[in-house]
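Encoded as structure tokens, the structure appears first; notes follow it.
The values are calculated or read from the model by the stated rules, or taken from the named source; none is laboratory data. Quick caveat, the model's predicted, so the values are computed rather than measured. For neighbour counting, all protein chains shown are included, and Cβ atoms are generated from backbone atoms with ideal geometry for every residue, glycine included.
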Amino acid sequence: METKLTSRTENQAQLTISLNEAKLKPIVAHVLNDLRPRVKAAGFRPGKAPDHIVERDLGSALVQNEVLEHAVQESYSEAVKAENLPIVAPPQVQIDKFVPYTELEYKVTVELMPKFTLPKYQDIRIKRPVIAVDPAEVEQTITDLRRREAVRLDTDRAIEADDEVVFDFDGTKDGQPVRGASAKDQTLVIGSGLFIPGFEDELIGMKKGDEKSFDIRFPDEYHESTLAGQVVTFKVKINSVKELILPAVDSVLADKVGGFKSVDAMKADIADRLSSEKAEAATRDYEQQVLAKLLEETKFSIPESLLDQQLRRLRAELEQNLAYSGLDLPKYLEMSKKTEDELTEELKPEAERRVGLAMILTEVASAENITLSAKELDDEIERMKVQYKDEATRAELDRPETREEVYNHLMASRVIGKLVSFAEQSE
């Protein structure tokens, strides 16, 4: 086999690859052996037909195409490895000459990962936040526990703060129902803050049997993108109002909600749990700060193929989220008054961020010699399988695509851990 690197730029390379008869011979034998079981020829046992019978029965065109495909795949992989090319997308192949089964010459054009210089990531320093639990947070948790254990008394009076209300509601926009913005017999404690800002205030003063319509603007950062920043008209009907008689904060409550011997023990446990939750959230936020700083200080160009690939993934994620709300992409675009091109531009910054971070983490892994063995990957896959009893889900973990995702996740976690260890060092 002969390989010539005919051209190379920062983002692209072209190779000319030639295979002679000696190189093609084992490939032909491999293809014929794979095809042989498909031939049922008189006078020969299944899978034992000679080569010329296999080619005659299956057709020379099919056999030649199989040989060509295998030859290109095998020789291309060898050539890329020999030239040490950082490929980021499937190649464009042009067959220049193929003489079955003695000679093959073809050209491949490949997109390369652009070279870039990492900043001095070892010198990045970011101060970790101090984790503290406000006593008011502990008291709020206790209030929630008291509401859970409260005695509920039906009342005909107007709704007040801390009442428990059961109601129906329907949300519409421009006269059309909004998926995910309606329910029957919804239960809500007024003042709990579980609904979007302003909604609970509208219920105060209503009574059982009352109906009312009002407009609410969803927050710009609302988790459901189809509703973020949108003004929705709600029609509500009150089905019942209950006054909550909260239990006293004493040892009886402490024992009932968690088997605690005292109020102090209950409060200490609540504070510990809140502290752990805050610490986990702070760690995630800290990691994102470190990555954002590294991304900000790194200069590189993003390959179009990787950007397009990530845009497709983001689009698929959006469509999946929309499906949970009973919407599809055309309906979402109609509701949000966006075009396909505008949606792509909206997704582009996040796509660029993800691709950029993936490129940086790959380079840091190489610089720090961070690796993941096949056994470590297998162990993680097996650990994940234990969590699932469904055979289809367990089988999904063995798919090459899934294994690659798990590998990438584990490697990213290791690299991020290394970067965090640098960033949290004292000056």
Discussion item. Show me the strands (runs of 3 or more DSSP E) entirely contained within the range 1-106 in which 2 or more residues are touching a strand residue (DSSP E or B) at 6+ places or on another chain (Cβ under 7 Å), without any contact (Cβ under 8 Å) to a residue 60 or more places away in the chain and more than 30 Å from residue 359 (Cβ to Cβ).
Written reply: 92-99
Fill in: Count - residues of the range 226-256 that are in a loop (DSSP other than H, G, I, E, B) and more than 36 Å from the chain's Cα centre (by Cα)
5
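Hey, can you tell me all the residues within the range 107-127 that are loosely packed, with under 14 Cβ neighbours inside 10 Å and either outside any helix (DSSP H, G or I) or of a type in the set (A, V, I, L, M, F, W, C) (or both)?
Filtering the range 107-127 for residues loosely packed, with under 14 Cβ neighbours inside 10 Å gives 115, 117, 120, 123, 125, 127.
Across the range 107-127, the qualifying residues are 115, 117, 120, 125, 127.
Can you say whether residue 182 is at pLDDT below 90 and under 30 Å from residue 259 (Cβ atoms), as far as the supplied structure shows?
no
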Discussion item. Cβ contacts < 6 Å: first residue touching a residue at least 60 places away in the same chain (Cβ under 8 Å), restricted to the range 128-157; second residue loosely packed, with under 15 Cβ neighbours inside 10 Å and assigned to a helix (DSSP H, G or I), any location; separation 6+ or different chain. Result?
Written reply: 129/282; 131/279; 131/282; 133/275
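Does the range 185-198 include one or more residues that are part of a strand (DSSP E or B), at positive phi and more than 26 Å from the chain's Cα centre (by Cα)? Write out each step before concluding.
Keep residues of the range 185-198 that are part of a strand (DSSP E or B), which gives 185-189.
Pick out the ones that are also at positive phi and you get 185.
Okay, now just the ones that are also more than 26 Å from the chain's Cα centre (by Cα), so 185.
So far as the range 185-198 goes, yes, one or more of its residues are part of a strand (DSSP E or B), at positive phi and more than 26 Å from the chain's Cα centre (by Cα).
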Worksheet entry | Number of the exception - residue 271 against (1) touching a Phe, Trp or Tyr at 6+ places or on another chain (Cβ under 9 Å); (2) at pLDDT 95 or above | (1)
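Go through 65, 84 for me and flag whichever is assigned by TED's automatic domain parsing to the domain that holds residue 25 and either in contact with a Cys (Cβ under 6 Å, 6 or more places away or on another chain) or at pLDDT below 90 (or both). Steps first, please.
Values: 65 fails: either in contact with a Cys (Cβ under 6 Å, 6 or more places away or on another chain) or at pLDDT below 90 (or both).
Result of the check over 65, 84: 84.
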Worksheet item: Name the pairs whose Cβ atoms lie under 7 Å apart, with the first residue in the range 240-252 and under 12 Å from residue 189 (Cα atoms) and not assigned by TED's automatic domain parsing to the domain that holds residue 204, the second in a strand (DSSP E or B) and among the β-branched types (Val, Ile, Thr), and 6 or more positions between them or separate chains?
Response: none
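Name the single residue that is farthest from residue 201 (Cα to Cα) among those in the range 165-179 being touching a helix residue (DSSP H, G or I) at 6+ places or on another chain (Cβ under 8 Å) and at pLDDT 95 or above.
Applying the filter and picking the extreme gives 167.
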Worksheet entry | Unique match (being on the phi > 0 side of the Ramachandran plot and at pLDDT below 85) among 43, 59 | 43
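Matching residues to (1) under 37 Å from the mean Cα position of the chain (by Cα); (2) outside any helix (DSSP H, G or I); (3) loosely packed, with under 13 Cβ neighbours inside 10 Å:
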site: 132; (1), (2), (3): yes, yes, yes
site: 143; (1), (2), (3): yes, no, no
site: 153; (1), (2), (3): no, yes, yes
site: 167; (1), (2), (3): yes, yes, no
Discussion item. So residue 208 passes all but one of these: (1) basic (Lys, Arg); (2) assigned to a strand (DSSP E or B); (3) surrounded by 15 or more Cβ atoms within 10 Å (Cβ to Cβ). Which condition number does it fail?
Written reply: (2)
Discussion item. Just to verify a result, which residue in the range 293-332, among those that are out of contact with any strand residue (DSSP E or B) (no Cβ under 7 Å at 6 or more places or on another chain) and of a type in the set (Ser, Thr, Tyr), is nearest to residue 110 (Cα to Cα)?
Written reply: 301
